[in-house]
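*Asks:* Dropping the structure in here first, questions after.
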Amino acid sequence: MSEHVTLDIRDLRIEVDGTGNDIVDEVTLQVPRGQVLGLVGESGSGKTTVGLAVLGHARKGVAISSGSIEINGRALLSRSAKDLRAMRGSLVTYVPQDPSMSLNPALRIGTQILEVLEHHGFGSSQQERRERVEQVMTEVALPNDRDFLRRYPHQLSGGQQQRVGLAMAFACRPAVIVLDEPTTGLDVSTQSHVLATVRDLCHQHGVAALYVTHDLAVVANLADRVAVMYAGRIVEQGPTKAIFDNAQHPYTRHLTAAAPDINSDEPVIGLRGRAPAPGKRPAGCAFALRCELVTDECREQFPVERPVLRDHLVRCFQAGRGERLTPAQTPVSVRRDSESAPALQIRHVDAAYTGHQVVHDVTFDVPRGQCVALVGESGSGKTTLTRSVGGLHREWNGEILLDGVALARSSRDRPTAQRLSIQYVFQNPYSSLHPRRTVGESVSRPLRVAGASAREASHAAAEMLERVSLTAAYASRYPDQLSGGERQRVAIARALVCKPSVLVCDEVTSALDVLVQAAVVELLVGLQRDLGLSMLFVTHNLPLVRSLAQQVVVLADGKVVEAGPTEQVLTRPEQEYTQRLLADTPSIAAALAAD
Amino acid sequence: MGILKLVLRRLALGVLTLFVVSLAVFLLSQALPSDPARAVLGREATEENVAAFRAQYGLDQPMIKQYTTWIKGLLSGEPGVSYSNGEPIMDFLGDRIKNSLFLMFMGSLISIPLSLLIGSYAALRRDKTFDNANSVSSLILAAMPEFVLGAFLVVLFATNVWNIFPATIRIRPGEPPWSDMKGMILPLLTLTLAVTPYVSRVVRASMIEVLESDYVEMGRLKGLPERTVLWRHAMPNAIGPTFQVMALNVAYMAGGVVVVESLFNFPGIGLAMRDAVRDVNIPVVQFLAMFISFIYVITNLAADIGTILVTPRLRTRLS
């Protein structure tokens, strides 16, 4: 394939400037014309750093120290700043993660697209460039009239903003395009349209695309080949199907086992620990610390890349060995106590946000001992509703009953015992723990509020930390000494320590990497089984629901669209909205079956 | 349409502010412990003389009446007569106002672009030599009182070190302030050195934030020249937050520079205010207080409108 390789990266090494510690090392990748290479990895694996290096760019404090990058045979890294500028934006372009931050708020979108063409001398006249702007707007399925081009970024929706990002990237007909998680933060329906546009444009115009992401389902649907990155190195790469069906590296196998899939009822499997940061990487294989197949050889040296099959390369001494990964625990068998009242009943609740009604007549129950998933896209009103349940939002009418007792509107008007029996776990574990309190203090705090003695409280806190698979030794640590997954475990322990009737989880995994997400889901499943927890699990992530919830409530525009047992809603949805939502959700299994 | 409505609304707010200020100024000057008649006429003045003085300037009228007369006078451009010589205030303040406005205008014309340049360049060269040197020197300048700074400049440029510029300014009555440009140089230099450190530090901070934004990185990744990235992508976003600070400093140059005026014997309103306070010349004090408030209201209004004009998110909300 080497004769039509468009993007050719060889032995790329990128360091923390001045320290010699590698962020990325020994990265060798090729992308042929018209193909999409998915570059997958956890946050901190170096995938964005590689993506930016393809444009000859390194962020502050980062330096590209060796290796080569060629585009259509032209070397990139040895160029002067002026030459590099001429290549960026025309020969090789970039689509960033967050379009709302990367479009200039002070410039009209038409100007921002046109200026790329002007600076790269596209076409021979201003007229021609203006026509190209209109043409590329059509290609990304946006209106191209004068009024639309005169809009500012804040006058567009998130999906439209990302299409403008694509238009800027495709304007000069580049040979290579780097896409850095371009659909993170978009709703699934918007994501699916943007992905379709990317795929069509790359194939039509023969662009080689490097698609950087942590989302395996997106990669399965979009990429021709996949490269898996761990701690700055490519540990496995090959055709997409081979990576998912015949993964050789234990890390890849863990990644795929951790990814929830809308079309599979297998539970997700998590993995503890975290990847070593630059400067703390071991001499041997970076994954050895977390690998179940580790040998002495692994600890001594980093394995070299070797082929498994044609086009399928892996860096592992134990490649292909090991059993199929199985879940550590049995799934929940739900006790059906039709006798006892539901833990939480929501009856005809309307909620408004500063006078504007966002939740309309919502009614559903959280039965005792069950997990109900409240699913909806952004703006569906799910957060407002759950905040009303927790008493954090006051503008609501209707009835919310906890253990059969109606709740006051605001948490301040609820008795302490009632407040303690609804517990909340928030989305972002980086801001939901008190930074100046030790883990032990945070976890024992609710018990102290309930009136327990310091001794009892710290004893119960230690016990609860064990329950969430942390050790009692964590009690004396501060949140900034913990990883994101560990913090979320602490938040769960804090919520469960006073044995609440209902646990409300608001997008608790969306700030976490896929392996950590899977581990948190496993934990919640285990806790539900062992403690008989009643849970309201709020998420926009449909595939995740499958591993966890017995019931699903689908919310759209503040109304309940569909509700029922998980299996039924996810496999035989009755409403068109749910059907469309499911169709737009990328699935690994469906993508592989389609090939 | 939208912007006009906003300007009108802000103007109305400004008028309201000035009304409140006028009340405060009037009541405070009434509450002064010294009697203006006694202060002007001297200790030996007879009761009849004092009564005549009070009748002449309407001080025997009820307070409400005095206030409305004063406001009417202000609005019709005849803000009363001076206690010290019985002449209309505007006759001798007119020139001083022109001088002060000229000083403000020239000071802004020099110090604002200079602050933008220094602040942006320091932000671009963050933590490098220029930035560090600028940071130290601007701190020293900001910490130094103006009379020290001005006196230092006088010693340096107007005495035997380099005798290049005159130490005082000479504007003859009736002549425009630009009739002695050479004399303007040292006062302007003092003001520039006093104002630029503040404004340039704010510009630097704002610029640093913008330079670290995703859209500036995106501009570079689009292959735009650094010049375009800086002036087209960064500057419009960085300048908005600095307008308020600029406005405060501009207004300060018009009314608050008593020390600089006195050092260079500059015939501006700062000195006039000082003299009027000393002489308990209440009509002049009241008028100057109102005039300085007016300048603050206008410059702040200009800053608000400027911020809206360079911020599409605010601008588009109007229409």
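*Asks:* Lys and Arg at +1, Asp and Glu at -1: add these up for the other residues within a Cβ distance under 12 Å of A:Pro250 and post the number.
*Replies:* +2
*Asks:* Sort B:257-263, A:87-93, A:15-21 for me by packing, meaning the mean count of neighbouring Cβ atoms within 10 Å per residue, highest on top.
*Replies:* Top of the packing list down: A:87-93, B:257-263, A:15-21.
*Asks:* With +1 on each Lys and Arg Cβ and -1 on each Asp and Glu Cβ, how big is the dipole of segment B:2-76 about its Cα centre, in debye rounded to the nearest 20?
*Replies:* 640
*Asks:* Roughly how many debye, to the nearest 20, is the charge dipole of the protein assembly as shown about its Cα centre, given +1 on each Lys and Arg Cβ, -1 on each Asp and Glu Cβ, and no other charges?
*Replies:* Rounded to the nearest 20 debye, it is 1020 debye.
*Asks:* Another question about this same structure. Where is the GNM fluctuation largest for chain B (alpha-carbon springs, 10 angstrom cutoff): B:Ser76, B:Ser137, B:Ser100?
*Replies:* Comparing B:Ser76, B:Ser137, B:Ser100 in the GNM, the peak value goes to B:Ser76.
*Asks:* Using the alpha-carbon atoms, what tilt in degrees (0 to 90, nearest 10) does helix B:181-211 show relative to the longest principal axis of chain B?
*Replies:* 50
*Asks:* Over the whole of B:223-235, what's the average partner chain Cβ count within 10 Å per residue? Rounded to a whole number, please.
*Replies:* 4
*Asks:* Kindly write out, for segment B:115-126 in residue order, the coupling ³J(HN,Hα) from the Karplus curve 6.51 cos²θ - 1.76 cosθ + 1.60 (θ = phi - 60°), rounded to whole Hz, with x marking Gly and Pro.
*Replies:* Computed from phi, the couplings for segment B:115-126 are 4, 4, 5, 5, x, 5, 5, 4, 5, 5, 9, 3 Hz.
*Asks:* Put +1 on the Cβ of every Lys and Arg and -1 on every Asp and Glu Cβ in the protein assembly as shown; which of B:Asn237, B:Thr46, B:Asn163 then has its Cα farthest towards the positive end of the dipole?
*Replies:* In the protein assembly as shown, that residue is B:Thr46.
*Asks:* Report the dimensions of segment B:93-318 along its three principal axes from the alpha-carbon atoms, largest first, rounded to Å.
*Replies:* Here the Cα extents, ordered largest to smallest, are 64, 49, 29 Å.
*Asks:* Taking a virtual spin label 7 Å from the Cα of B:Ala31 along the C-beta vector, which residues in segment B:58-90 bring their backbone nitrogen under 13 Å of it?
*Replies:* Under 13 Å, as judged by backbone N against the label point of B:Ala31, lies no residue of segment B:58-90.
*Asks:* Order the peptides A:136-144, B:27-35, A:72-80 from the highest to the lowest mean number of other Cβ atoms within 10 Å of their residues.
*Replies:* My ranking of the peptides, most packed first, is A:136-144, A:72-80, B:27-35.
*Asks:* I'd like the mean, over residues of A:51-58, of how many other protein chain beta carbons sit within 10 Å of each residue's own Cβ.
*Replies:* 1
*Asks:* Continuing with the same structure: Quick check: the angle from helix B:269-278's long axis to the longest principal axis of chain B, C-alpha only, nearest 10 degrees?
*Replies:* Result, in degrees: 40.
*Asks:* Please give me the summed charge of the neighbours of A:Thr28: other residues whose Cβ is under 15 Å from its Cβ, Lys and Arg +1, Asp and Glu -1.
*Replies:* Taking every other residue near A:Thr28 into account, the sum is -2.
*Asks:* Tell me which residues come under 5 Å, amide H to amide H, from A:Thr6 once H is placed; ignore anything under 5 positions away on its chain.
*Replies:* So A:Thr6 has HN proximity to A:Val31, A:Arg33.
*Asks:* OK, next. Between segment B:136-159 and segment A:534-585, what's the alpha-carbon centroid distance in Å?
*Replies:* For segment B:136-159 versus segment A:534-585, the Cα centre distance is 71 Å.
*Asks:* Which value in nm describes the separation of the simple spin-label points at B:Phe19 and A:Arg272, placed 7 Å from the Cα toward the beta carbon?
*Replies:* 7.1
*Asks:* For the protein assembly as shown, state the average projected area of the convex hull of the C-alpha atoms over all orientations, rounded to one decimal in nm².
*Replies:* 50.9
*Asks:* If amide hydrogens are placed 1.01 Å from N in the peptide plane, which non-local residues have theirs closer than 5 Å to the one on A:Val358?
*Replies:* Residues meeting the amide H criterion: A:Ala351, A:Ala352, A:Tyr353.
*Asks:* Go through A:301-310, A:463-472 and give me the packing order, highest mean Cβ count within 10 Å leading.
*Replies:* A:463-472, A:301-310
*Asks:* Shielding of A:82-93 by partners, i.e. mean partner chain Cβ atoms within 10 Å per residue?
*Replies:* The mean count of partner-chain Cβ atoms within 10 Å per residue comes to 3.
*Asks:* Please list, or write none, the aspartates and glutamates whose alpha carbon is within less than 12 Å of the alpha carbon of A:Lys47, excluding same-chain residues fewer than 8 places away.
*Replies:* A:Asp25, A:Asp180, A:Glu181
*Asks:* Work out the charge dipole of segment A:1-143 with +1 on the Cβ of Lys and Arg and -1 on the Cβ of Asp and Glu about the Cα centre, then indicate which of A:Ile9, A:Ser65, A:Ile113 is farthest towards its positive end.
*Replies:* After comparing all options, I get A:Ile113.
*Asks:* Still on this structure, I have one more. Lysines near A:Lys382 by alpha-carbon distance under 28 Å, same-chain residues fewer than 8 away left out - which ones?
*Replies:* Partners within reach: A:Lys499, A:Lys559.
*Asks:* Nearest 10 degrees is fine. How inclined is helix A:109-119 to the longest principal axis of chain A, computing both from alpha carbons?
*Replies:* 30
*Asks:* Moving to a separate point now. Using Cα positions and a limit of under 16 Å, work out the lysines in reach of B:Lys128, with same-chain residues fewer than 8 apart set aside.
*Replies:* Within the straight-line limit of under 16 Å, B:Lys128 reaches these lysines: A:Lys60.
*Asks:* So which residue, out of B:Asn49, B:Asn249, B:Asn99, gets the largest mean-square fluctuation from a GNM of chain B using Cα contacts under 10 Å as springs?
*Replies:* Among B:Asn49, B:Asn249, B:Asn99, the largest mean-square fluctuation in the Gaussian network model of chain B belongs to B:Asn49.
*Asks:* In whole Å, what is the distance between the alpha-carbon centres of segment B:37-109 and segment A:143-175?
*Replies:* Value for the Cα centre distance between the two parts: 63 Å.
*Asks:* Moving to a separate point now. Looking only at B:Glu226, B:Glu44, B:Glu87, which one moves most when chain B is put into a Gaussian network model with springs between Cα atoms under 10 Å?
*Replies:* B:Glu44
Quick note: the coordinates plus some simple rules give every number you see, no bench work behind them. The structure displayed is predicted, hence computed values, not measured ones. Using ideal geometry, Cβ is built from the backbone for each residue, glycine included, and neighbour counts are taken over all protein chains shown.
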